[in-house]
Amino acid sequence: MNHDYYSSGPAAHILIQRRSGAILSQGQLVLPVCFDEGAGNKLAGVIEYVTTVRKESYIEDFEEIHNLLKDKGLKSTYVGKTIKVVYNGHMIKFRLPLSSKFIDLLSEVTKRFADLEHKKLCVKYEDNKGNILPISSDEVLWGCMEEASSKGANFIKMHVSLEHVGC
């Protein structure tokens, strides 16, 4: 079965025909690109980065593209949430794209708390009612981020411990 995908813009009309199986196996990262200094958030264009095989994470790709754009006086942002993580009385914070997977969250945490690398972690988040709930899958992470976004929360507070300490 063929599907027609139609994208219109002021200067171009693009019609692409692909098989649905090919589309589902591809990976994609879409980034808005804006002019950097003095132009506010004036849109310069959109980058669509497509890979022939879906990747586990596109965070490194985003960071590389972001740095290349910065060298040219451009910037890109991704839709994400500020994550505040508490471990052993210390707090770190970082931005995590809404499309991130649980493995991405763990990677960001272990980058900042190096002593946690190669250890099994228990991650919990604080919902908008103050309840502490476990995160153990992509779906729970996405639900947590969706809830925080829908409530207008500026950040998500998470707690990390070693898995054997109790989860």
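The values are calculated or read from the model by the stated rules, or taken from the named source; none is laboratory data. This one's a predicted model, so the numbers in the text were calculated from it and none came from an experiment. FYI the Cβ positions are ideal-geometry reconstructions off the backbone, even for glycines, and counts take in every protein chain you see.
GLU63 fulfils the conditions (1) assigned to a loop (DSSP other than H, G, I, E, B); (2) not assigned by TED's automatic domain parsing to the domain that holds ILE156 except for a single criterion, (1).
Within the range 89-99, if we keep just the residues that are out of contact with any Asp or Glu (no Cβ under 9 Å at 6 or more places or on another chain) and outside any strand (DSSP E or B), the residue that is surrounded by the most Cβ atoms within 10 Å (Cβ to Cβ) turns out to be SER99.
A quick yes/no check of all residues on (1) hydrophobic (A, V, I, L, M, F, W, C); (2) at pLDDT 90 or above; (3) farther than 30 Å from PHE35 by Cα:
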| site | (1), (2), (3) |
| --- | --- |
| GLY80 | no, no, no |
| ASP104 | no, yes, no |
| PHE113 | yes, yes, yes |
| GLY130 | no, no, yes |
| GLU146 | no, no, no |
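Condition check for ASN128 on (1) in contact with a strand residue (DSSP E or B) (Cβ under 9 Å, 6 or more places away or on another chain); (2) in contact (Cβ under 8 Å) with a residue 12 or more places away in the chain: one failure, at (1).
The residues listed here are VAL160, VAL140; of these, the one that is surrounded by 17 or more Cβ atoms within 10 Å (Cβ to Cβ), in the same structural domain as PRO97 (by TED's automatic domain parsing) and in contact (Cβ under 8 Å) with a residue 24 or more places away in the chain is VAL160.
Only one of the numbered conditions (1) in contact (Cβ under 8 Å) with a residue 40 or more places away in the chain; (2) surrounded by 15 or more Cβ atoms within 10 Å (Cβ to Cβ); (3) not assigned by TED's automatic domain parsing to the domain that holds CYS34 is violated by PHE102, and that is (1).
For the range 105-118, a residue qualifies if it is touching a residue at least 24 places away in the same chain (Cβ under 8 Å) and more than 20 Å from CYS144 (Cα to Cα), and the qualifying residues are ARG112, PHE113, LEU116.
Scan the range 52-70 residue by residue and report those that are among the hydroxyl-bearing types (Ser, Thr, Tyr) and at pLDDT 85 or above.
THR52
Return yes when LYS129 is within 14 Å of TYR87 (Cβ to Cβ) and exposed (fewer than 15 other Cβ atoms within 10 Å of the Cβ) and no when it is not. Answer is no for this residue. Filtering the range 129-152 for residues that are more than 19 Å from SER100 (Cα to Cα) and of a type in the set (Ser, Thr, Tyr) leaves an empty set.
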